[in-house]
Amino acid sequence: MARTYVYIPPVKHTAGGIAVLCRLAARLCALGFDCALAARDASWQAPDNIEGLGDVAVVEAGQARPEAGDVWLVPEGWPTALAPGLASKARVVVYCQNWAYLLANLPEALVRHTAAVSWLAVSHPVAWLMEYALGVSAPVLRPGVDLGLFRPPAGGLPGGKPLGASGDTLTVAYMPRKNKALAGQIREIFSARARARGTYADWLEIKDMDQAGVAAALRRAHIFLATGFPEGCPLPPLEAMACGCLPVGFSGFGGLDYLRQIFPDDYQSWLPPREAPFGGNAVFTADADSVAAAMALERAAALWLDDGPVLRQALEQGQATARAYDTAAFAASVKSLWTERFWEKQPQ
C-alpha cells in the first residue's frame, strides 16, 4: 500500500502550522491511509496532545525512502525538502500555510514548471494568490478548531454577565509575540484615551501556555486583539470566537477567509469575501495600521459596554464561524482530498 509522508521541518515548537501537519497525519491514519511524519530534525518528538497522533509512524526525513505512488507532502518555505519526492517520482504536494513564504523560497525552476507538483492552500485568500501569481489551482484544506476545548464560558459571557451591568473592567487578550511593537502602539493609544473615554482595560498576555491554558485565558477576555501578519489562515481569532471573544485588529490577509465586518461601512479588503454560512463577527483593519486598530478596539469596547443586539448578533456569528471550522469539517476535507485528488483509490 502506498504511503503519505508529511514533512516536519526543523522547528523548536510544535505549534501553529506544524500542529496542523500533525493533525493531518493523525486524520489520514484514522481514515486507514498509511502515513508517516518525516522529521528533518532527528531529535524531534511528536506532541502527545493531538488525538490519534500516537498511531502515526515517525521517521527521520533523511532516512525516508518514498516510492512512485507515494505522497510526499511539504509545507511551503522548505524547497530542499521537495527533492526526495521529486527524485523518486512520488506525488509531491506543496501545502501553502503562509503565503508570505511561498514565492520567496520557491526555486525558479519550480516556478516555471509548476506542473511538477500538486498544490494545496490553507485558505481562500492563499488559494487566490497562488492562482494569481503561479497560475495554479489549489484546493483548500482549512485547519480545524477543537470546539470541545475552545468553547464559551458558562453563561455565554466572560464572568457570566454583561460588562456594562457588572462594572468590571474590559479584558483584552493578545499575543505579544505577534508584531510586538505594533501591539504596543495600539495598547498605548487605547490606554491614552481611557481617561476621556472612561473605558479602561486589563491586558491579558497569551504566552507560554498550552492549548488548555490559551482556551481558559480566552474565556476570561471580552476582546481578542489580533496583531499578527502575514498569516495563512490564523487560528487564534477563530479560537477566540469559539471562546466568546470579539476579534479586533489585523487579518494578515489569510484571515479574510473567515473575518467579516460587524459594521458594513468599515474597512473592506479589495479581495471579495467568499460565500460563507456566517456574517459580521469582527472589527478588523488594514494590516499594520495601528491607529485604525486602536479605533476599532474602542468601537468593540463600546459594544461590550452597550450590551445591545449588535454585540449579541456578532457573538452568535462568531459561534457560527467557529462551527464552520470545527475538527469535523477538517476531517471531511482531508478525506475528500485524499480519496478524490491525491490518491488513485480509497484505502482498503
Task: 5 angstrom amide H check on residue 70, placed H, neighbours 5+ away - done: 3, 91
Open item on the list: Rg and Dmax in Å for the chain, alpha carbons only: what are they?
Closed with: 21.1, 68
- [ ] Under 18 Å between C-alpha atoms is the cut-off here; go through the chain and count lysine pairs that meet it, provided they're at least eight residues apart or on different chains.
- [x] 5
Task: Helix 17-30 axis, angle to the chain major axis (alpha carbon atoms, nearest 10°) - done: 60 degrees
Task: Dimensionless Rg ratio for segment 1-70, taking C-alpha atoms and the 2.2 N^0.38 Å reference - done: 1.03
TODO: Amide H neighbours of residue 40 under 5 Å, at least 5 residues apart or on other chains, H built in the peptide plane: list them.
DONE: 8, 61
Task: Under Karplus coefficients 6.51, -1.76 and 1.60, residue-wise ³J(HN,Hα) of segment 235-245 in Hz, glycine/proline x - done: 7, x, x, 5, 5, 5, 4, 4, 8, x, 8
Task: Cleavage-rule hits, GluC sites (Glu not before Pro), segment 50-137, DSSP coil, Cβ neighbours within 10 Å at most 16 - done: 51, 67
- [ ] List the residues whose amide H sits under 5 Å from the amide H of residue 326, counting only those 5 or more places along or on another chain, with H placed 1.01 Å from N in the peptide plane.
- [x] 145
Task: trypsin sites (Lys or Arg not before Pro) restricted to DSSP loop in segment 1-103 with at most 14 other C-beta within 10 Å - done: 12, 89
- [ ] Whenever you get a sec, compute what percent of the accessible area on the chain sits on carbon and sulfur atoms (1.4 Å probe).
- [x] 50 percent
Task: Cα-Cα pairs of segment 214-285 separated by more than 15 Å (percent) - done: 49 percent
Open item on the list: Using a Debye calculation, one point per C-alpha and no hydration shell, please list log10 I(q)/I(0) for segment 252-348 at q = 0.12, 0.16, 0.17 Å⁻¹ in order.
Closed with: -0.52, -0.77, -0.84
TODO: Could you give the size of the charge dipole of the chain about its Cα centre, using +1 on the Cβ of each K and R and -1 on the Cβ of each D and E, expressed in debye and rounded to the nearest 20?
DONE: 60 debye
Task: Taking segment 39-148 and dividing mean pair separation by its residue count, relative contact order in percent (alpha carbons under 8 Å, at least six apart) - done: 18 percent
Open item on the list: If I take every Cα pair under 8 Å that is 6 or more residues apart in the chain, average their sequence separation and divide by the length, what percent do I get for the relative contact order?
Closed with: 15 percent
Task: segment 98-251 - accessible surface per residue (Å², probe 1.4 Å) - done: 43 Å²
TODO: Using only the alpha-carbon atoms of segment 1-142, report the extent along each of the three principal axes, biggest first, to the nearest angstrom.
DONE: 39, 29, 28
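The values are calculated or read from the model by the stated rules, or taken from the named source; none is laboratory data. Worth saying up front: this structure is predicted, and the values here are computed from it rather than measured. Don't worry about glycine lacking a Cβ; one is built from the backbone with ideal geometry, like all the others, and counts go over all protein chains shown. Surface accessibility is based on the protein's heavy atoms, side chains included, excluding ligands, DNA and RNA. Shrake-Rupley method; radii C 1.70, N 1.55, O 1.52, S 1.80 Å.
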